[in-house]
């Protein structure tokens, strides 16, 4: 199950990086084409403009590369927190359904959405305990 989770996460990251890189190359190519199409009286002026242009694009690409790396680690941290809560909920459901361990505790650490699910599961567990008590009396 973990392998599937990791594959989905890394596919999304790779798609994002691929699309960004593709758009980056298109914008670079169009900008360079625009600069080369300028009609200037002095040819060395175009070379100076192209050097400055390439330097600016290098700086822009470095900034975006650093931002992508930072974003990657932030997303990885968020992913780990979500999977941690999902694993706790999955373990709780397994304990209730397979082992009928109604005393199992469910502690959500990170996200309120999972806390709402946990409250719903606790209510279901209470109903199951009541049904088991009624069926054992009969």
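The values are calculated or read from the model by the stated rules, or taken from the named source; none is laboratory data. Keep in mind that this is a model prediction, so the values were computed, not measured. Using ideal geometry, Cβ is built from the backbone for each residue, glycine included, and neighbour counts are taken over all protein chains shown.
Couple of notes before you dig in:
- Here residue 41 clears all of (1) within 30 Å of residue 130 (Cβ to Cβ); (2) outside any helix (DSSP H, G or I) except the condition numbered (1).
- Test: residue in the range 99-107 that is touching a residue at least 24 places away in the same chain (Cβ under 8 Å) and in a loop (DSSP other than H, G, I, E, B): yes
- Filter result for residue 55 (modelled with pLDDT of 90 or more, surrounded by 10 or more Cβ atoms within 10 Å (Cβ to Cβ), over 15 Å from the mean Cα position of the chain (by Cα) and assigned to a helix (DSSP H, G or I)): yes
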